[in-house]
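Here is the structure we will look at, set down as structure tokens.
The values are calculated or read from the model by the stated rules, or taken from the named source; none is laboratory data. All values derive from a computational prediction rather than experimental measurement. So basically every Cβ, Gly included, is an ideal-geometry build from the backbone, and we count neighbours across all protein chains shown.
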Amino acid sequence: MTIIIDGKSYDCEHGEYLLDIARRNGITIPTLCHHEGLPGQGCCRVCIVEVEVNDWRTIVTACVYPVERECSVFTQSEKVCKQRGLILSLLRSRAPESARIASLCDEYDAPAHKRFTQRSGESCILCGLCAKACESLGTGAISTVNRGVDKVVTTPYDEPSPVCVGCASCALVCPTGAIAVDEDEKERRIWNKALPLKECERCGCVIGTYGEIWRAKKKADTEPPELCDACRKKSITEVMAMTYGSAAQEP
């Protein structure tokens, strides 16, 4: 199947999402809530584009729009830019402390609307990626609570979650940097919880929290790692060198 994006033809598969087609061909469509490992969000609407089929145009969300027929796609049409700017203005009012959103607002000339009340000190846009990442790991330590303007992502009753292992996957997928993670040589602090860190027995670098390491051990039914990836590879190389001679050593 062939579609046209901004005047150029591109091959694609039936049912493939527009955003994936665009990215594969080096076409920039901005996103916030999209993550390759956690697809299907489609809630921030920043990735909107205009699609034309049989002389009929409509605005769609590129990350969840499957291509089912030949069409023309416009990523920077006047209508797209206007609506994207309005969406970014709304997101900026929700999360005025987000540097990522501020950058997108500058890039796409998002208008400033005085009628949009800003939430002081807020960076979260409630995209749900953090909760989805936590759920996909089988932990479920955080979720959205409350409704309307009071809706937030947090742990149950805002108390340290007994099931949180401190893996910080939620913070890694957060598009706006809203989840605070503080770490020193001994512990990692996240969601009002301090978790001790385990170090590599050879080089001393942090492997992870004891909780996430033992949880990974339980899922994989193996012994927990004592070495970091780099030291483990080096250890394997040394064993091979001793077993098969110097030829097995890395150059």
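Considered as a group, the residues in the range 169-194 that are touching a Ser or Thr at 6+ places or on another chain (Cβ under 9 Å) and assigned to a strand (DSSP E or B) include one that is farthest from Gly121 (Cα to Cα), and that residue is Glu187. Of the residues making up the range 160-172, none is farther than 23 Å from Trp214 by Cα and either touching a residue at least 60 places away in the same chain (Cβ under 8 Å) or not assigned by TED's automatic domain parsing to the domain that holds Ala102 (or both). Checked against (1) among the basic types (Lys, Arg); (2) surrounded by 18 or more Cβ atoms within 10 Å (Cβ to Cβ); (3) in a helix (DSSP H, G or I), Arg45 meets all criteria but (3). Examine the range 9-21 for a residue that is among the charged types (D, E, K, R), assigned to a helix (DSSP H, G or I) and free of Cβ contacts under 8 Å to residues at least 40 places away in the same chain, and state whether such a residue exists. Scanning the range 9-21, I find at least one residue that is among the charged types (D, E, K, R), assigned to a helix (DSSP H, G or I) and free of Cβ contacts under 8 Å to residues at least 40 places away in the same chain, so the answer is yes.
In the range 195-214 there is no residue that is touching an Asp or Glu at 6+ places or on another chain (Cβ under 8 Å) and assigned to a helix (DSSP H, G or I). Scanning the range 86-120 for residues that are part of a helix (DSSP H, G or I), within 22 Å of the chain's Cα centre (by Cα), surrounded by 13 or more Cβ atoms within 10 Å (Cβ to Cβ) and not basic (Lys, Arg) yields a total of 10. Residue count for the range 121-143 satisfying the condition of being farther than 25 Å from Cys47 by Cα and either under 16 Å from the mean Cα position of the chain (by Cα) or in a helix (DSSP H, G or I) (or both): 2. Pairs meeting the criteria (first residue in the range 196-215 and in contact (Cβ under 8 Å) with a residue 40 or more places away in the chain, second residue part of a strand (DSSP E or B), beta carbons under 6 Å, at least 6 apart or on different chains) are Thr209/Arg188; Thr209/Leu195; Thr209/Leu197; Gly211/Leu195. Of the residues making up the range 167-182, none is in contact with an Asp or Glu (Cβ under 9 Å, 6 or more places away or on another chain), of a type in the set (D, E, K, R) and more than 19 Å from Leu38 (Cβ to Cβ).
Scanning the range 4-42 for residues that are aliphatic (A, V, I, L, M), out of contact with any Asp or Glu (no Cβ under 9 Å at 6 or more places or on another chain) and under 15 Å from Arg69 (Cβ atoms) returns Ile5, Leu18.
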